[in-house]
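Presented below is the structure to which this report refers.
The values are calculated or read from the model by the stated rules, or taken from the named source; none is laboratory data. Quick caveat: nothing in here was measured; it's all calculated off a predicted structure. Cβ sites come from the backbone with ideal geometry, for glycine too, and all protein chains shown count toward neighbours. In case anyone asks, the SASA skips ligands and DNA or RNA and just uses the protein heavy atoms, side chains included. Shrake-Rupley method; radii C 1.70, N 1.55, O 1.52, S 1.80 Å.
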Amino acid sequence: MLKKNIYLALMLGCFCFAETSGSFSFLSAGTGARALALGGAFTALADDTSALYWNPAGLVKLDIYKTHFTGMFSNMEHGRLLGYAGIYEKMENGAGSAGISLHYFRVSGIDGRNASGFPTGDIEYNAGVLSVSYANILPAGVQAGLSLKYYYASAQDITGKGFGADLGMICKPFGPYFSAGLTIKDINTGIIWSGGRTDYVKTLFVFGAAQSIIHEKISVSVDIESDTVLTFRYRLGSEYMVNENFALRLGINNGDLTAGFGVAYQNYIIDYAFAMDNDGFADVHRFSFSAGF
């Protein structure tokens with residue numbers, strides 16, 4: 001009975017983020033402080049390593065450095081920890097770009113109880129998604145990317161595993177300063193749990209557009225997201241490049257204000273984002289670090 005109660009709690013997503021149900025609802029929190037400061041309106045931009053999460057097609061645009069790494073860590077209230085790390089490599093002779101990323105979530109201090117309601121000790125919930133991505137330019141000039149995903153979760157002696165994929169495209173139909181993007185996220189076969197039960201990660205369809213103006217010093221972007229039952233969300237973002245080493249950002253994530261900045265020095269970048277927590281517990285502050293080689 002205890003195992004059943006834990007499983008039901010995971011399915012309700014009570015440890016995670018309210019906007020998406022299920023044990024992998026932490027994926028809705030996004031990643032990369034730059035993208036988060038833009039409200040998550042990053043599908044058509046996708047021009048840093050967090051493209052591994054937002055739109056794998058964006059890896060084709062990353063040509064400043066041959067290898068690039070980014071990482072983000074967020075220690076939130078209620079025993080929650082969210083982390084992300086990604087690295088990509090631009091291959092030679094037009095062979096495209098490839099990358100790998102890990103998205104990790106943990107909740108500690110969960111109160112375990114048996115069927116009679118008596119405490120059984122604390123429970124720790126762990127979940128992660130490992131992605132391997134590839135992107136290249138199609139003959140028509142359209143950027144295309146694919147991420148293959150492995151999902152894993154555990155709580156006490158319960159484990160869940162599954163496989164999925166993201167598909168992404170970016171094109172520039174009206175010249176170099178406007179881009180349009182499309183990502184289909186988490187096409188999956190379901191998470192199979194101990195005992196044979198299956199939990200499906202919500203598949204999302206995201207359309208984005210981005211426009212650069214005033215000598216590419218300002219960018220404006222918008223994302224519209226829908227699930228399979230046509231529940232829509234919107235995201236807006238704007239970035240102002242004060243100079244080549246400092247940027248200011250502002251966004252709206254489905255009505256919640258976001259903001260942040262980025263500081264660059266040589267081949268290192270530190271980004272900061274302020275955003276409302278997805279589950280409404282508290283505001284969150286996120287930092288990410290990037291390095292190119």
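At a Förster distance of 35 Å, what's the computed FRET efficiency of Thr198 paired with Leu250, Cβ-Cβ distance as r, to 0.05?
Working from the Cβ atoms, E equals 0.30.
Could you work out how much longer the chain between Leu81 and Val142 gets when fully extended? Use 0.36 nm per residue separation minus the Cα distance between them, nm to one decimal.
So the extension gain works out to 18.3 nm.
Using 0.36 nm per residue of separation minus the Cα-Cα distance, give me the extension gain between Phe178 and Asn126 in nm, one decimal.
Gain in length upon complete extension: 14.7 nm.
From the alpha carbon gyration tensor of segment 117-247, can you work out the equivalent ellipsoid semi-axes (sqrt of 5 times each eigenvalue) and give them in Å, largest to smallest?
Equivalent ellipsoid of segment 117-247: 38, 19, 14 Å, largest first.
Ile187 to Thr67: FRET efficiency via 1/(1 + (r/R0)^6), r the Cβ-Cβ distance, R0 41 Å, to the nearest 0.05?
With a Förster radius of 41 Å, E is 0.90.
Please sort 33-41, 83-91, 266-274 by packing, taking for each peptide the average over its residues of neighbouring beta carbons within 10 angstrom, highest first.
Final packing ranking: 33-41, 83-91, 266-274.
Assuming 0.36 nm per residue, please report the length gained on full extension of the stretch Ile100 to Asn243 beyond their Cα-Cα distance.
Full extension from Ile100 to Asn243 adds 48.4 nm.
With θ set to phi - 60° and the Karplus curve 6.51 cos²θ - 1.76 cosθ + 1.60, what are the ³J(HN,Hα) couplings of segment 169-174 in order, to the nearest whole Hz, using x for Gly and Pro?
9, 9, 9, 10, x, 10
For an R0 of 30 angstrom, estimate the FRET efficiency from the Cβ-Cβ distance between Lys217 and Glu92 and round to the nearest 0.05.
0.40
Let me cross-check Trp193: its accessible surface, 1.4 Å probe, with only protein heavy atoms counted, in Å² to the nearest 10?
Spelled out: Trp193, probe radius 1.4 Å, area about 10 Å².
I'd like to know which of Phe105, Ala209, Gly141 lies farthest towards the positive end of the charge dipole of segment 98-229, counting +1 on Cβ of Lys and Arg and -1 on Cβ of Asp and Glu.
Farthest along the dipole direction, towards plus: Gly141.
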